[in-house]
Amino acid sequence: MLHFYEELKSYIQKNVKNKEDAIEIVQETYTKALEFESKSIIKNKRALLYKIAKNIIIDNARKEKNYQNVLYEEENHSIPKEEQPEELIFDSIQKDLLKEAVEKLPAKNKQAFVLHFIKGYTKQQIAQIMGISLNAAQKHIRRATEKIKEYLSLYDWDINE
């Protein structure tokens, strides 16, 4: 995880005015990441570090009661949230994890999920395509969704975020 130190420090310094505070946040981020790592398997350490750092920055801003000011400054003086580098990284990681989760599904669950959520077919159309009942198609979609949520929860990613 140490090879992300400079990158993470740079990200934090952009979001915190004081250099000393930024260094403290980096240290706290690594401490929390190591604690997390001792309890769980971390598939993407870089994403975990960014997520922890972002949460610490927000918590510190709240403690200082400058939270509204921070939000105001971000809205007026930075690129839109969805275009910020850490958001692009998180989005890419989430997409990769979702692809992995879909690939691990049983064949019929995977087929129903892909047809419904990716190709946009209705459940009735999926039943016809797969040659199964509507009820069976719904079950395959529901099971696939549950298994994907279960898989993503292993990596502390909320599909609804």
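Consider the stretch 63-103 and keep the residues that are surrounded by 12 or more Cβ atoms within 10 Å (Cβ to Cβ), charged (D, E, K, R) and at pLDDT 60 or above. The one that is farthest from Lys51 (Cα to Cα) is Glu100. Looking only at residues of the stretch 3-38 that are hydroxyl-bearing (Ser, Thr, Tyr) and surrounded by fewer than 17 Cβ atoms within 10 Å (Cβ to Cβ), we find that the one that is modelled with the highest pLDDT is Thr31. For the stretch 133-148: of the residues being hydrophobic (A, V, I, L, M, F, W, C) and crowded, with 17+ Cβ neighbours inside 10 Å, which is farthest from the chain's Cα centre (by Cα)? The residue in question is Ala137. Taking first residues from the stretch 7-27 that are touching a residue at least 60 places away in the same chain (Cβ under 8 Å) and partners that are surrounded by 15 or more Cβ atoms within 10 Å (Cβ to Cβ) and assigned to a helix (DSSP H, G or I), the Cβ contacts under 9 Å between residues at least 6 apart in sequence or on separate chains come to Tyr11/Tyr50; Tyr11/Ala53; Tyr11/Lys54; Tyr11/Glu86.
The values are calculated or read from the model by the stated rules, or taken from the named source; none is laboratory data. Just so it is clear, the structure is predicted and the values come from calculations on it, not from any experiment. Counting neighbours? That spans all protein chains shown, and the Cβs are built from the backbone with ideal geometry, glycine included.
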